[in-house]
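Trainee: Quick one: structure below, then a few questions.
The values are calculated or read from the model by the stated rules, or taken from the named source; none is laboratory data. A quick note: this is a predicted structure, and the numbers were derived from the prediction, not measured. All Cβ positions, glycine included, derive from the backbone under ideal geometry; neighbour counts span all protein chains shown.
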Amino acid sequence: MTDTSNMTPGPGGEDRDIRIAEYVLGTLAGDERIAFEAELARDENLRRAVAAWSERLQPLADSVAPVAPPLALRDAVLARIGGGTEREEQHFSIVRWLAWTFGASAVAAAIAVAAVFLFTPQPTALSGYAMLHEPTASASVVVFQINKQRQKMVLLASAPSAGTGQDYELWILPSGKTPVSLGVLKAGERIERPIDDMRAALVQPGTTLAVSLEPAGGSVSGAPTGPVLFTGTFHMVGN
Amino acid sequence: MILRFHSGESDPLPELVSELEFLIEASAAGNRAAFSALYDAAAPQLFGLALRILKRRDWAEDVLQEALISAWRNAGEYRRELGSGKAWLTVILRNRALDRLRREATARLEPSGDAVPEVEDPSPSALDLTISGEAGRRLMACLEQLEEVQKRAILMAYFDGLTHEELAARIATPLGTVKSWIRRGLQRLKGCLEI
C-alpha cells in the first residue's frame, strides 16, 4: 500500500484528502470534476493521493462479477492499436532486416495458447525483459527476463511445440556482430538458468533478441540456421 | 484464459498482480502481444464494472473500448510505485464511464428540460457485497463500521456513478445531508483502513 501520510499536509489537509476521495468515488459534478482534473494534471502529489484512494476502493471493483465482452470488441480494440505507429514500423524494419539476414522468415501456425508467462513468477528483482513475437499478430509469445544482478535469466515460450526433431533457440543479435546463442527453449515451459557475463553484457536496452527454429538440441554450427520465428527488443524495467 | 483479473480467495494474487504491471510496462514499450494479453486478463472484469455502472450494454461496450485504447496510449504514464495495475485500469474505466453518464445526463436535459426518468435499478445488491481477498476483507470490515446511511451512499455513488446531486435526488434526501454522509463515511473509512 502506498504511504499517504505525507500527502495531506498543512491546514485543510483532511478536507483536501476527502475532496480527493470524492473525486475517486465519482461524486463531484461536472465543473468541480473538470477543475479537479486540471489540478491533477499539474500536481504529482495529487496524483499519488488519487492512486492511494483508488487502491483503497479497488476491492469494490473486484467485487463485481466479470463478464466476457463480445469477441468483436477485442478485434476492434486490437485493430485500433495496430495501425502504423512509429514503434510498430520500427519493429517491422527489424523483421525485414532479420528476414534478409537469415533468409526466410517463417510464421508458425495460428494458435491460441494461453500465455504461459502470465502465471509464472518473475525473478524477484527484474532488470529488464524482452517479449518476442511473430511478425503477424498471434497469441504466441516468447519472454526473456534477466534479473537485477544480471546472473540469471528466465525464458518462457508460449507457443506451439517446435515439432519432432526440432527446438526453438534464442539468440542475442548485437548490432554489427554475429548472433550469440542463449540456448534452446521448450514450448510451454518456464526455464530459469544462469547467464554468463559475456552474454549479459550484450543484452542492453534496444538489443534485438530472436528465436529461430533449429534441429533438436540447437544449432550445431553456433549460428542460426533455421527460420527466425520471433523477434523482440530488450527493455529495462523501470521508472 | 488462465490469468484472471478477479481476485478470488484461492488465487495466488501477488504474482498475478505483478504480471499485470509487467504487461502495462510492456505495452508502454509498444508490444502489442503484451497488450493483447493484458486485454484478455483485464477486459472481463472491466466490462463487468462498466455494465454495473452504466446499466446499458451498448454504452458499456463503447466505454470499455475507449478505456482500453486509452490504457494503451497512456501506458507510459503508469508507475508501479503508485499502485497496482488493476487499480490504474479501474480508474481509467470509471473515468470514462462517469464521463459517459454525465454526457448522457446533459443530453437528456438539454432538448426539453424535462425531468430525467429514474433508472429502474435501486441497487439493492450494493448493500450485500461479497468481496474476497485480504484487501477486500479489510475494506468490508471497515464499511461495516460505518453508519448504514453512510455506507449506502458511498456504495451507490461508486456502483451507480452518481454525483452528490443525483444521489440526493435518487434517495430523496437534502443535498447537504448526502454530502455529509459521504464525507464522514470516507473519513472514517480512511481512518479504519490505516489502523
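Trainee: Could you list, ordered by first residue, the pairs with Cβ atoms under 7 Å in which the first is in segment A:39-66 and farther than 15 Å from B:Gly136 by Cα and the second is basic (Lys, Arg) and part of a helix (DSSP H, G or I), at least 6 apart or interchain?
Mentor: Listed pairs, sorted by first residue: A:Leu40/A:Arg47.
Trainee: How many residues, within segment A:150-170, are touching a strand residue (DSSP E or B) at 6+ places or on another chain (Cβ under 7 Å) and under 15 Å from A:Gly217 (Cβ atoms)? Walk me through it before giving the result.
Mentor: Initial filter on segment A:150-170 (touching a strand residue (DSSP E or B) at 6+ places or on another chain (Cβ under 7 Å)): A:150-159, A:162, A:165-170.
After this cut, where a residue has to be under 15 Å from A:Gly217 (Cβ atoms) as well, the list is A:162, A:165-170.
Selection size over segment A:150-170: 7.
Trainee: In addition: Any chance segment A:135-149 includes a residue that's under 21 Å from A:Leu213 (Cα atoms), away from chain B (no Cβ under 13 Å) and at pLDDT 80 or above?
Mentor: no
Trainee: Could you figure out which of (1) modelled with pLDDT under 80; (2) assigned by TED's automatic domain parsing to the domain that holds B:Leu68; (3) within 18 Å of B:Thr90 (Cα to Cα) isn't true of B:Asn31?
Mentor: Only one criterion in (1) modelled with pLDDT under 80; (2) assigned by TED's automatic domain parsing to the domain that holds B:Leu68; (3) within 18 Å of B:Thr90 (Cα to Cα) is unmet by B:Asn31, namely (3).
Trainee: I'd like the full set of residues that are part of a helix (DSSP H, G or I) and modelled with pLDDT of 85 or more, limited to segment A:16-30. So that I can check it myself, show each step before the final result.
Mentor: Residues of segment A:16-30 that are part of a helix (DSSP H, G or I), as a first pass: A:16-25, A:30.
Hits for segment A:16-30 are A:Arg16, A:Asp17, A:Ile18, A:Arg19, A:Ile20, A:Ala21, A:Glu22, A:Tyr23, A:Val24, A:Leu25.
Trainee: On to the next question. Filter segment B:136-168 down to the residues that are touching a residue at least 40 places away in the same chain (Cβ under 8 Å), aliphatic (A, V, I, L, M) and outside any loop (DSSP other than H, G, I, E, B) and list them by number.
Mentor: B:Leu139, B:Ala141, B:Leu143
Trainee: Quick one: which strands (runs of 3 or more DSSP E) sit completely within segment A:155-239 and have at least 3 residues that are at pLDDT below 90?
Mentor: Because the criterion is at least 3 residues that are at pLDDT below 90, the strands (runs of 3 or more DSSP E) in segment A:155-239 that meet it are A:190-194, A:228-236.
Trainee: So A:Arg47 passes all but one of these: (1) part of a helix (DSSP H, G or I); (2) within 27 Å of B:Ala169 (Cβ to Cβ). Which condition number does it fail?
Mentor: A:Arg47 satisfies all of (1) part of a helix (DSSP H, G or I); (2) within 27 Å of B:Ala169 (Cβ to Cβ) except (2).
Trainee: Which number in (1) under 30 Å from B:Ile24 (Cβ atoms); (2) touching a residue at least 60 places away in the same chain (Cβ under 8 Å) marks the one condition that A:Pro224 misses?
Mentor: Tallying (1) under 30 Å from B:Ile24 (Cβ atoms); (2) touching a residue at least 60 places away in the same chain (Cβ under 8 Å), A:Pro224 fails exactly one: (1).
Trainee: Then there's this: Being acidic (Asp, Glu) and crowded, with 19+ Cβ neighbours inside 10 Å, is that true of even one residue in segment A:185-194?
Mentor: The answer is no, given that none of the residues of segment A:185-194 is acidic (Asp, Glu) and crowded, with 19+ Cβ neighbours inside 10 Å.
Trainee: Of the numbered conditions (1) facing chain A (nearest Cβ under 7 Å); (2) at pLDDT 80 or above; (3) out of contact with any strand residue (DSSP E or B) (no Cβ under 8 Å at 6 or more places or on another chain), B:Leu54 satisfies every one except a single condition; which is it?
Mentor: Condition (1) is where B:Leu54 drops out.
Trainee: Which members of segment B:82-102 meet the condition of being more than 13 Å from the chain's Cα centre (by Cα), within 7 Å of chain A (Cβ to nearest Cβ) and not hydroxyl-bearing (Ser, Thr, Tyr)?
Mentor: B:Leu82, B:Gly83, B:Arg102 - these are the residues of segment B:82-102 that are more than 13 Å from the chain's Cα centre (by Cα), within 7 Å of chain A (Cβ to nearest Cβ) and not hydroxyl-bearing (Ser, Thr, Tyr).
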